[in-house]
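Engineer: Have a look at this one before I ask anything.
The values are calculated or read from the model by the stated rules, or taken from the named source; none is laboratory data. It should be emphasised that the depicted structure is a prediction, and the values quoted were computed from it without experimental measurement. All Cβ positions, even for glycine, are placed from backbone atoms using ideal geometry, and neighbour counts span all protein chains on display.
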Amino acid sequence: MSQERINSTKGNILVVDDTPANLNILTEILSRKGYKVRLAPSGKLALRSIEFAPPDLILLDIMMPEMDGYQVCKILKASEKTKDIPIIFISALYEVLDKMKAFSLGGVDYITKPFEVEEVLVRIENQLSIRRLSQQLHEENIR
C-alpha cells in the first residue's frame, strides 16, 4: 500500500496556527500517524486553502493576528460548502467562557495548550470517525 493511500484513508487535516513551532510539532505528530497535513499560518490563508480543497478536519488556534479563530469558524459554519467540516479549537485560552464561545460558534471540540499528544490524536480520530459515519448515513438516506 502506498504512503499516499495510507494518508488519504487516515484523513486530511488542516492545522491553522500563527506560531511556527506549533505548526511543526502538530505536523510531525500527525504525519507520523499517517494523516495528510496541510498548514495555514493565518486565518485568511486558512480560508483560501479550505476554499481550494476542503479538509476532513481543522485544528484551529484562536489567538491569531488579522483574523482570529472564532472569526474563521464563524465564516466556515456559515457556508454550505464548509459547514460540516469538524473544527477542533486548540488554544492557550483555558477559561470556560472561551470554550463556550468556541462551541457556540460550531466547534466540535476544544484542546488547551500545552497539549498531550495522545489526547490530540484520540480527539481527532473520534471526530473523523463521527464524520465518516455521518457521511455514510447521509449517503444511505439519499438512496
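Engineer: Give region 39-66 a look and list any residue that's part of a loop (DSSP other than H, G, I, E, B), more than 13 Å from the chain's Cα centre (by Cα) and of a type in the set (A, V, I, L, M, F, W, C), or say none. Let's see the steps before the verdict.
Structural biologist: Step one: list which residues in region 39-66 are part of a loop (DSSP other than H, G, I, E, B), which gives 41-42, 53-56, 61-66.
Pick out the ones that are also more than 13 Å from the chain's Cα centre (by Cα) and you get 41-42, 53, 63-66.
53, 63, 64, listed by residue number.
Engineer: Something else: Looking only at region 111-143, which residues are of a type in the set (D, E, K, R), free of Cβ contacts under 8 Å to residues at least 60 places away in the same chain and either more than 17 Å from residue 28 (Cα to Cα) or in a helix (DSSP H, G or I) (or both)?
Structural biologist: 118, 119, 123, 125, 132, 139, 140, 143
Engineer: Right, next: Please name all residue pairs, on different chains or six or more residues apart, with Cβ atoms under 7 Å, provided the first residue is in region 14-42 and is small (Gly, Ala, Ser) and the second residue is modelled with pLDDT under 95.
Structural biologist: Close Cβ pairs (under 7 Å, with a partner that is modelled with pLDDT under 95) amount to 34/6; 34/7; 34/10; 42/66.
Engineer: Oh, and also: Looking at region 12-29, is at least one residue touching a Pro at 6+ places or on another chain (Cβ under 9 Å), within 25 Å of residue 125 (Cβ to Cβ) and part of a helix (DSSP H, G or I)?
Structural biologist: Checked against the condition, which is being touching a Pro at 6+ places or on another chain (Cβ under 9 Å), within 25 Å of residue 125 (Cβ to Cβ) and part of a helix (DSSP H, G or I), region 12-29 yields at least one hit.
Engineer: Going residue by residue through region 122-134, is there one that turns out to be loosely packed, with under 11 Cβ neighbours inside 10 Å and of a type outside the set (A, V, I, L, M)?
Structural biologist: no
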